[in-house]
Amino acid sequence: MDFKQLRAFLTVAETGNVTRAAALLNIVQPAVSRQICLLEEDLGTTLFDRGRKGMELTDAGKTLVEYANRVLHELDRARAEIRPSHGTVGGIVTVGLLPSTCDLLSSALITSVNMRYPGIRVRISVGFAGHLQSWLDSGEVDVALLYEQKYTPTIRVKPLLEEGLWVVALPGSKLRADQPVSMAELSGKPLVLPSAPHGLRSLVENAAALMGLKLKVVAETNAMSVQKSLVLGGHGLTILPTIAVAEDISRGVLAAAPLTEPVLVRKIVLALPINRKTTPSVLCVEACLVECMRVAVERGDWLAARWLGGLAALTPLDFRFSHPDPSG
């Protein structure tokens, strides 16, 4: 097995056609077919079903796609880091962002990195905290934003900010920023919440249980966009950090009010994998990300957020992480 075989395999998997794959790889069609055959011989299994519909992955082929993508991603990242432009920090850094943060941070992060470290290329992956942690563990993501959680031996974290949760509804609900809504007031009202075991769902349900309240959950979803869409469709209220609905509130599409009695907050942390080397390029992107977040909080763009990360952000060599407390 070699890298040429893996690239040929992935290109055929993406196109579903040997001829198109050959054109993209700029080699002749028999060479692509030969690479696939050699790979199948090496693995002792069939990777494609060859039929009228083209080249369709077998179960073994689908498994190999995941690993081959990871191998070639690591190779591309190493190549970019080993051969950067003269006198610059170089490489590919993949940043994992939570869905509620990506709209606010993506453009600012890319702008900051491009200005300070033009030799670095940033990739942004968006996912819920559980997915991001899994991607950190597997090496698909270099650094990620997570919600504070119980101690895990595979990552180290730095708390950055905490944000309050708000009740979100249609404008006709008359929710207002200066009129908090208590958890008791939500009892019996239709709620649209993330699917378990999403962190926000657990936070809300635990608070309700402690107060002896029963929540009326009418819909569940693992997509924040669907969560907001269901509220817009009149299916119920939801609970979100204000950063997730700031634009909708400013346009008058949605209304929101702070959740109180109890006040619920989520702490966002910056996370790194413990089992891999932290390269200079990753440190540089981390510093830019922290600075973008701090500025967003100080300017008031990150509504209902309180900064916890201190002032250090622009000097990667001074950037330090602490292990989370094992007690949680």
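General observations
- Some residue of region 219-226 being crowded, with 21+ Cβ neighbours inside 10 Å, among the hydroxyl-bearing types (Ser, Thr, Tyr), more than 30 Å from Arg116 (Cα to Cα) and touching a helix residue (DSSP H, G or I) at 6+ places or on another chain (Cβ under 6 Å): no
Yes/no per residue for (1) more than 19 Å from the chain's Cα centre (by Cα); (2) β-branched (Val, Ile, Thr):
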residue: Leu191; (1), (2): yes, no
residue: Leu200; (1), (2): no, no
residue: Leu203; (1), (2): yes, no
residue: Met211; (1), (2): yes, no
residue: Leu215; (1), (2): yes, no
residue: Val218; (1), (2): yes, yes
residue: Thr221; (1), (2): no, yes
residue: Ser225; (1), (2): no, no
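- Screening the candidates Ala256, Ala271 for the property of being touching a residue at least 60 places away in the same chain (Cβ under 8 Å), crowded, with 20+ Cβ neighbours inside 10 Å and farther than 22 Å from Leu160 by Cα yields one hit, Ala256.
- Residue in region 46-62 that is touching a residue at least 60 places away in the same chain (Cβ under 8 Å) and under 26 Å from the mean Cα position of the chain (by Cα) present: no
- Residues (in contact with a helix residue (DSSP H, G or I) (Cβ under 6 Å, 6 or more places away or on another chain) and closer than 19 Å to Leu72 by Cβ) located in region 19-35: Ala21, Ala22, Leu24, Leu25, Val32, Gln35
Results for (1) farther than 30 Å from Ser187 by Cα; (2) modelled with pLDDT of 90 or more; (3) of a type in the set (Val, Ile, Thr), shown as yes or no for each residue.
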position: Leu272; (1), (2), (3): yes, yes, no
position: Val282; (1), (2), (3): yes, yes, yes
position: Cys288; (1), (2), (3): yes, yes, no
position: Thr315; (1), (2), (3): yes, no, yes
position: Asp318; (1), (2), (3): yes, no, no
position: Phe321; (1), (2), (3): yes, no, no
position: Pro324; (1), (2), (3): yes, no, no
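- Thr154 being buried (at least 17 other Cβ atoms within 10 Å of the Cβ), touching a strand residue (DSSP E or B) at 6+ places or on another chain (Cβ under 8 Å) and assigned by TED's automatic domain parsing to the domain that holds Gly309: no
- Some residue of region 100-115 being touching a helix residue (DSSP H, G or I) at 6+ places or on another chain (Cβ under 6 Å), of a type outside the set (Val, Ile, Thr) and modelled with pLDDT under 90: yes
- Residue in region 197-206 that is at positive phi, surrounded by fewer than 17 Cβ atoms within 10 Å (Cβ to Cβ) and in the same structural domain as Val253 (by TED's automatic domain parsing) present: no
- Within region 132-142, the presence of at least one residue that is among the charged types (D, E, K, R), assigned to a helix (DSSP H, G or I) and either modelled with pLDDT under 90 or touching a Phe, Trp or Tyr at 6+ places or on another chain (Cβ under 8 Å) (or both) is confirmed.
- Residues in region 196-240 that are in contact (Cβ under 8 Å) with a residue 40 or more places away in the chain and charged (D, E, K, R): Lys228 alone.
- No other residue among Asp103, Asp49, Asp42, Asp76 is surrounded by fewer than 15 Cβ atoms within 10 Å (Cβ to Cβ), of a type outside the set (A, V, I, L, M) and part of a strand (DSSP E or B) apart from Asp49.
- Residue check, Lys174 surrounded by fewer than 17 Cβ atoms within 10 Å (Cβ to Cβ) and charged (D, E, K, R): yes
- Number of the exception - Pro194 against (1) surrounded by fewer than 16 Cβ atoms within 10 Å (Cβ to Cβ); (2) at pLDDT below 90; (3) touching a Lys or Arg at 6+ places or on another chain (Cβ under 6 Å): (1)
- Candidate set from region 199-216 (those that are out of contact with any helix residue (DSSP H, G or I) (no Cβ under 9 Å at 6 or more places or on another chain) and of a type outside the set (Lys, Arg)); member that is farthest from Val265 (Cα to Cα): Gly212
The values are calculated or read from the model by the stated rules, or taken from the named source; none is laboratory data. None of the values given here were measured: they were computed from a predicted structure. In this analysis, Cβ positions are derived from the backbone assuming ideal geometry, glycine residues included, and neighbour counts consider all displayed protein chains.
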